[in-house]
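I have placed the structure first, in the form of C-alpha cells, so that the comments after it can refer back to it.
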Amino acid sequence: MPDRPLTAEELEERLEDDLDPVLSTRRTAEGPALALARFTRAQQNFVLHWVSVIVKTNSEMGFQFASQVPIALDLMDIEEVEKWIIHAMDVYDKQGLYPGSRAFQAVEQYSCALSERVVGIGFEEVEVVLERFLRGLSGRPLKLIAGDRVFTDSERIFLPACLASLGSPGRNFSLYKAMASFLWAQTRYGTFRRGAEEPTALSARCDAYPQPERAQRLFEALEAIRLTACIERDLSGLYREMMSLQRELGQIVHPSSWSGALHRLRRRNATVRDSFEFLSELYSATDQIPQPYCFQGRMQLEAVESAMQERQLREKEKFRVALKRLVDGQPDTPVGVAQRSRLEMDQRPLEVLNEQGSKVLTVDGQPLIPPADMQALMRSIWQDFGEIPEAYLVPAGSAPYWVDNGGEGRFREDLVDGPRDDNAYVYNEWDYRRGHYRKDWCVLRETDVHPSDESFVEDTLTRYSALVGQLRRTFEALRGEDRLLKRQIDGSDIDLDAVVEASADMRAGMEMSERIFTKFNKSERNMAAVFMVDMSGSTKGWINDAEREALVLLCEALEVLGDRYAIYGFSGITRKQCCLYRIKRFGESYDNGVKRRITGIRPHDYTRMGVIIRHLTGLLRHIDARTKLLVTLSDGKPDDYDGYRGEYGVEDTRQALIEAKYEGVHPFCITIDTEAHAYLPRMYGAVNYVVIDEVRKLPLKVADIYRSLTS
Amino acid sequence: MAKARGRPRGRLVDLAYFPAVILNSALPMQATARNTDDYMVTEEPYYAAQGQEIELFEAAYTNRIPVLVKGPTGCGKTRFMEHMAWRLRRPLITVSCHDDLTASDLVGRYLIVGGETKWVDGPLAHAVRVGGLCYLDEIVEARKDTTVVIHPLADDRRLLPIEKTGELLSAPLQFCLAISYNPGYQSVLKDLKQSTRQRFVALEFSYPAADLEQTIVEKESGLSGDIAAKLVRFAGMTRNLKGSGLEEGASTRLLVHAAKLMASGVAPRTACQAAISEALTDDAEMLTAANELCASLF
Ligand SMILES: Nc1ncnc2c1ncn2[C@@H]1O[C@H](COP(=O)(O)OP(=O)(O)O)[C@@H](O)[C@H]1O
Ligand SMILES: [Mg+2]
C-alpha cells in the first residue's frame, strides 16, 4: 500500500531529522506530526518535501512552516499553499527571520487576503490596536486570541482570524471592535458575576431547563439587551457605531412579549439577576428567540467557569497576601496585631470607585491606600463578585510576610566572595513561605560562553546599518565629557579670546558681549551597567536571535557613549547548577572575543534569577561608579526545575532585587513576556520595567531604553 | 548680530587693560531692578484642593519646614504653589529646573554693569532676601551641584552661603523653600536622593478624583458639564494605558487644553486628538487606539 498515510510517529521521526537543530526537550516535532497525520500521503509528502527544502535555508523557518502548514492545508488548496510558502520565504530573504516567521504564522490572514483581497481584514492587523483599546476601557486586562468562535472566558477574548462580511476594511475593523467591546462588556458589567455565597453556576442554571441549549441562547439574548444598554450609557459613540453595523446586517426584532424585559433590562440598575428572572419567565412564553447581534458571539460557559474558578483561588490568596503586607506596612501597627484589627471595606459599587478606588479600605477606622497592583487586583475581584467578599478580608498567614530577621536576612560576605571549590559560589535563597532565607542554598559557577565563528555580528550590523548610524549619533550627543566651556556669562577664569573680541567690539562702537568667562564642565556620567541575559531554553529560536541582535546594537551604542558595562548570560538546572556565562566583563574591551561570545549565546536550561542577581550585585560592589545599573533581558517568569516557580520564584527574585537596591544598584527589566504586568511590578517595582510586545522590536529598543534610563 | 568676523584672536592681553574694556559698557540694567511686587500674586488663582494639602502647607510654613510636592506632570502642583503664595501674601519665585541649571544660576553671579562688575542675586538668593516662596520645579532636572546650596537652606540652619561674595544669608521667617518632583520617571538619574528628600515635608499629588477634575475642567475652560465629564472619562482611559503602551496618561493640564479648544468651537474628537492623543504618543497603533477610545465616548 504505497499510499498509506504516515502515522504521527513516522512523521515525527522524519521531521526530527530535518528540524533537529531547533528542537529541544520542550519544543518537539510532536505537535506538527500529530496535526499532519490526518492528511493524505500526497499532502504529507508535499509537506516533508518542503520542510527539507526550507531547512536548507533556515531551520527555524522550517519549524515555523511545519507548525503552520496543517492550518494552511485546511484553508487553501495545494497551489495556494505553495504560493504562501514562496511568499514567506521571500519575506525571509528580504527582511530576515522574524518577518519571515510572521509570514508563516499569518496563514489565516494570507488565505483571507487571497479570497477577500479587497474588503477583508485580518486579526493580526487589529490585534494590537484592539488590545490597547480594551485596556483603555478599564477593567481586568483581556488578551486577544484568534480562533474560530467568538467568545470570552473572562480573561481572554477569542475573535475570528479574519473578517470580510462587510463591504470595506474599515467596516470590518468596526465589526472586530464591536465584537471585542461586547465581550469586554460581558466581563465588565457582570454577566458572569455571582454573589460570593451564591452556589449556582451559570451552566447549572441553564442545565436546569429541559433544553439547556435553548435556555442559554435565550439568556444570551436577554444579556445582549442589558449590555448594549450599558454601552449606550457609558460609551455612546461606540454604541452608535455598533448599531449602525447591525442595521447594515439586518435589524434585530424583539417579540412584543419581550417589552417588559426590554424596559427593565435597559435600566441603569439592571443586573444579571434580572436576566435570570426573565429567562424563567420567557422560557416557556417565547417561541422565537431573537437573532443574535452580529457582534454577540456564543457564550462558552465551561470555559468561563473554569477560568473564573482558577482565578478566584489565585486572587483570593494574592489579595490576602497583599492585605497582610499593607496592614503590616503601616507604621503604627505592630506586626501580629493586625490579625485582630478591624478591617473594613467600602463596598460601594465598582462603578463609583472604579478609577479612583483608593481610599476604600480602613483598618480600625484608619484609611489605607492600596498600591497600584493591589488596586488592579481589587478591581478584578470586584468584577467577579461586585464586592470584596468577607472571606477575603483576612490577612494571609500568621507568619509575617516579609520580616527583616536581623543578621540572617543579610548575606554573608565570606560566602559571596569566597569561592568554595575552584569556581563555585554559594548563595542564600529567600523562601517566602517560611519568611526566611535558606542558607547556602544555591551553587553558582561562572564559565565563558563558548565562542562561535559565525558572521552574526557583521550580518546584524549590515541588516541594521541605518539604525546603527542613528544610534551612534544619538549616543554621541549624550556622551558626557569633561570640557572647558568658552564664552560663558560667568565662570572660574577669564576667556581671553572673548575679552579681546569684546574690547575690539567696544572700540568699534558696538555693544560689548558679557560672555567673557570660561567654565569647567565636569561630566556627570559616572555609570556602570551590567546586562544579564536570559539564556534559558525558552529563548530558543528567534528570541535568542533577537537577544543577540539587541546586544550587538547595544554594544555599538555603549562604545560610543563610553559607559562601563559588562554582559553576562544566565541559565541553569536546579539550585546546585546555576550557571553564569561570561560574555563581556568590566574592563574588557569590545573586541573579537566578545563578539564571538555574543554570537555563541545559545539557549540552555532554566531561569533561576535570585542567585544570579545576588552574584552580579556582588560584582558591582567592587566597581566604583556613582550610578550602578543591573538590566535584565528576559522572556518570562523565574522558573527552575526544582520548585523555583510561581510565587516562590517571584518572591526570591524580588528579595534579591531588594538586596541589590540596598547596595545602591538600580535594577531594571526589559522583557518580551506580554504577561509580565502580572508579576514584574512585584519584582522590579511599578516603573522599573518595560514590556516589548513583539520580539522583532527587541533589537531596536534595547539601546533606546538604556538611553532614556540613563538620561 | 553685528559681530565682525576674522579679527585677530588669541592675542595675549595685558590684564591691566581689562577694566578699561568694561568702562562705558552699554549693558542694559537687566536683572538689577527686580522688585518684590513683581512676584506678588495679587488675584486669587483658582485652585480646587484634592485633600488636606492647603492645611498641610500652611502648617509646614508656620513651622518653617520646606515642602516637597510630588506628583505627575500637569496635576496642579504649580497652580497650588501660586494659590499658596496668594494665601500667604508672599511673593512667589518659580524656577523651572533644566539640565543646564547650575548652583550659580540659583544663587547669583557677577555681571558687568555700567562698567563695573556687579553682583546680581539669582532667584533663590532673591527669594531669601525678600522672604518669599521659592519654588524649584522639577528639581531633579537640575545639575547635581544645586543640592549643595539647597541643603543648608532646607534644614533648620536656613542659611544660604554665597561663596563668591563671601556672604552668608540667613533666611527670614517668611521665606519658604518648595521643590517639586515627579516620581514616575524611569530614569535612575532622576531619583531624588534620600539625603535631600528627608529634609522636606512631602505632599503627594495625583490626578484629582473624577468629579473634582470635571469641576476644574469646567472652571478653566467654561465648558458645560456633559462634555467635561466625557473628557475626564477619556483621561481615565488613557491613564489605564499607562505602562501598556503609554508612558503617562493624560494630565489635567491636557484636559484643560482640549476643553479650551472645544470651547472655541473645535469638534470634540479633533480637539482630543490634537490636545491629548498626539501630545501623549507618536506610536501609530497607540494613536489609533486612543482615537478609537475617544470616538467611543463622543
Ligand atoms: N487642583 C486644581 N485646581 C485648579 N486647576 C487645576 C488643578 N489641577 C490642575 N489644574 C489645571 O491644570 C493645569 C496644569 O496644572 P499645573 O499646576 O501647571 O501642573 P503641574 O505643575 O503639576 O505640572 C493648570 O493650569 C490648571 O488649569
Ligand atoms: Mg508645573
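The values are calculated or read from the model by the stated rules, or taken from the named source; none is laboratory data. Predicted model, so just to flag it, every value in this text is computed and none were measured. Virtual Cβ from ideal backbone geometry, glycine too; neighbours counted across all protein chains shown. Heads up: the accessible areas ignore ligands, DNA and RNA and are worked out on the full protein's heavy atoms, side chains in. Shrake-Rupley method; radii C 1.70, N 1.55, O 1.52, S 1.80 Å.
Count, please, the residues in segment B:85-103 that happen to be within 16 Å of ligand 2 (Cβ to nearest atom) and in contact (Cβ under 8 Å) with a residue 60 or more places away in the chain.
0
If a residue has to be within 19 Å of A:Ile567 (Cα to Cα), of a type in the set (A, V, I, L, M, F, W, C) and away from chain B (no Cβ under 11 Å) to count, how many in segment A:671-711 make the cut?
5
Return the residues of segment B:87-118 that are of a type in the set (A, V, I, L, M) and closer than 16 Å to A:Asp490 by Cα; say none if nothing qualifies.
Matches in segment B:87-118: B:Leu101, B:Ala103, B:Leu106, B:Val107, B:Leu111, B:Ile112, B:Val113.
Name the one entry in A:Arg575, A:Arg597 that is touching a residue at least 24 places away in the same chain (Cβ under 8 Å) and over 24 Å from A:Val695 (Cα atoms).
Being touching a residue at least 24 places away in the same chain (Cβ under 8 Å) and over 24 Å from A:Val695 (Cα atoms) holds for just one of A:Arg575, A:Arg597, which is A:Arg575.
Counting only residues that are touching a helix residue (DSSP H, G or I) at 6+ places or on another chain (Cβ under 9 Å) and not in a helix (DSSP H, G or I), which one in segment A:198-209 is most open to solvent (accessible area, probe 1.4 Å)?
If we take residues in segment A:198-209 being touching a helix residue (DSSP H, G or I) at 6+ places or on another chain (Cβ under 9 Å) and not in a helix (DSSP H, G or I), then A:Ala208 is most open to solvent (accessible area, probe 1.4 Å).
Looking at B:Arg143, B:Arg90 in this structure, which one is more than 16 Å from ligand 1 (Cβ to nearest atom), basic (Lys, Arg) and within 16 Å of B:Tyr181 (Cα to Cα)?
Exactly one of B:Arg143, B:Arg90 is more than 16 Å from ligand 1 (Cβ to nearest atom), basic (Lys, Arg) and within 16 Å of B:Tyr181 (Cα to Cα), namely B:Arg143.
Kindly evaluate A:Thr447 against the criterion of being away from every other protein chain (no Cβ under 11 Å) and farther than 30 Å from A:Asp642 by Cα.
Judged against the criteria, A:Thr447 is not a match.
Looking only at residues that are part of a helix (DSSP H, G or I) and among the small types (Gly, Ala, Ser) in segment B:207-234, which one is nearest to ligand 2 (Cβ to nearest atom)?
Selected residue: B:Ser221.
What residue, of A:Phe192, A:Phe151, is closer than 27 Å to A:Ser280 by Cα and more than 24 Å from the chain's Cα centre (by Cα)?
One residue alone meets the criteria, A:Phe192.
Is at least one residue of segment B:287-296 more than 26 Å from the chain's Cα centre (by Cα), in contact (Cβ under 8 Å) with a residue 12 or more places away in the chain and not in a helix (DSSP H, G or I)?
no
From the list A:Tyr648, A:Tyr641, which residue is over 17 Å from the mean Cα position of the chain (by Cα), at pLDDT 85 or above and hydroxyl-bearing (Ser, Thr, Tyr)?
A:Tyr648
Can you tell me which residue is surrounded by the fewest Cβ atoms within 10 Å (Cβ to Cβ) among those in segment B:74-86 that are over 17 Å from B:Ala127 (Cβ atoms) and more than 6 Å from ligand 1 (Cβ to nearest atom)?
Residue satisfying both the conditions and the ranking: B:His83.
Out of segment A:223-244, which residues are open to solvent by less than 40 Å² (accessible area, probe 1.4 Å), assigned to a helix (DSSP H, G or I) and within 14 Å of chain B (Cβ to nearest Cβ)?
A:Thr228, A:Cys230, A:Ile231, A:Ser236, A:Gly237, A:Leu238, A:Met242, A:Met243, A:Ser244
Among the listed residues B:Ala209, B:Ala250, B:Ala235, identify the single one that is surrounded by fewer than 19 Cβ atoms within 10 Å (Cβ to Cβ), closer than 25 Å to B:Ala49 by Cα and among the aliphatic types (A, V, I, L, M).
That would be B:Ala209, the only listed residue that is surrounded by fewer than 19 Cβ atoms within 10 Å (Cβ to Cβ), closer than 25 Å to B:Ala49 by Cα and among the aliphatic types (A, V, I, L, M).
Given the conditions (1) more than 25 Å from A:Lys540 (Cβ to Cβ); (2) in a helix (DSSP H, G or I), report the number of the one that A:Leu6 does not fulfil.
(2)
Across segment B:253-264, which residue is most open to solvent (accessible area, probe 1.4 Å) among those that are over 21 Å from A:Leu238 (Cβ atoms) and within 16 Å of ligand 2 (Cβ to nearest atom)?
Taking the candidates together, the pick is B:Arg253.
Take the conditions within 30 Å of A:Leu478 (Cα to Cα), in the same structural domain as B:Thr146 (by TED's automatic domain parsing), in a strand (DSSP E or B) and under 15 Å from the mean Cα position of the chain (by Cα) and apply them to B:Thr94. Does it pass?
yes
Output the residue which, of all residues in segment B:241-264 that are within 25 Å of the chain's Cα centre (by Cα), away from chain A (no Cβ under 14 Å) and part of a helix (DSSP H, G or I), is farthest from ligand 1 (Cβ to nearest atom).
B:Leu261
Does B:Cys134 satisfy being within 13 Å of ligand 1 (Cβ to nearest atom) and in contact with a helix residue (DSSP H, G or I) (Cβ under 6 Å, 6 or more places away or on another chain)?
no
Quick one: count up the residues across segment B:174-204 that are more than 11 Å from chain A (Cβ to nearest Cβ), surrounded by fewer than 19 Cβ atoms within 10 Å (Cβ to Cβ) and in contact with a Lys or Arg (Cβ under 7 Å, 6 or more places away or on another chain).
Here the count works out to 2.
Could you please let me know if A:Lys359 is at negative phi and at pLDDT 70 or above?
In short, no.
Residue-by-condition table, conditions (1) polar (S, T, N, Q); (2) free of Cβ contacts under 8 Å to residues at least 60 places away in the same chain; (3) surrounded by fewer than 22 Cβ atoms within 10 Å (Cβ to Cβ):
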{"residue": "A:His87", "(1), (2), (3)": "no, yes, yes"}
{"residue": "A:Asp93", "(1), (2), (3)": "no, yes, yes"}
{"residue": "A:Ala103", "(1), (2), (3)": "no, yes, no"}
{"residue": "A:Gln109", "(1), (2), (3)": "yes, yes, yes"}
{"residue": "A:Gly120", "(1), (2), (3)": "no, yes, yes"}
{"residue": "A:Glu124", "(1), (2), (3)": "no, yes, yes"}
{"residue": "A:Leu130", "(1), (2), (3)": "no, yes, no"}
{"residue": "A:Ile145", "(1), (2), (3)": "no, yes, yes"}
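Given B:Tyr39, B:Tyr110, B:Tyr17, which one is open to solvent by 60 Å² or more (accessible area, probe 1.4 Å), within 14 Å of chain A (Cβ to nearest Cβ) and at pLDDT 50 or above?
Answer to the selection: B:Tyr110.
Looking at (1) open to solvent by 40 Å² or more (accessible area, probe 1.4 Å); (2) in a strand (DSSP E or B), which one does B:Leu136 not meet, given that it meets all the others?
The number of the failed condition is (1).
For the subset of segment B:113-133 comprising residues that are of a type in the set (Val, Ile, Thr) and open to solvent by 20 Å² or more (accessible area, probe 1.4 Å), which member is farthest from the other protein chains (Cβ to nearest Cβ)?
B:Val130
If the Cβ limit is 9 Å and pairs must be 6+ apart or interchain, which residue in segment B:57-79 that is within 14 Å of another protein chain (Cβ to nearest Cβ) and within 12 Å of ligand 2 (Cβ to nearest atom) pairs with which residue that is assigned to a loop (DSSP other than H, G, I, E, B) and charged (D, E, K, R)?
Taking only residues 6 or more apart or on different chains, the pairs are B:Pro72/B:Glu248.
In segment A:299-330, what count of residues is obtained for those that are in a loop (DSSP other than H, G, I, E, B) and either under 30 Å from A:Leu202 (Cβ atoms) or modelled with pLDDT under 50 (or both)?
Summing the residues that are in a loop (DSSP other than H, G, I, E, B) and either under 30 Å from A:Leu202 (Cβ atoms) or modelled with pLDDT under 50 (or both) in segment A:299-330 gives 2.
Looking at segment B:265-298, which of its residues are more than 9 Å from every other protein chain (Cβ to nearest Cβ), open to solvent by 40 Å² or more (accessible area, probe 1.4 Å) and of a type outside the set (Gly, Ala, Ser)?
Matches in segment B:265-298: B:Val266, B:Pro268, B:Thr270, B:Gln273, B:Glu278, B:Leu280, B:Asp282, B:Asp283, B:Asn291.
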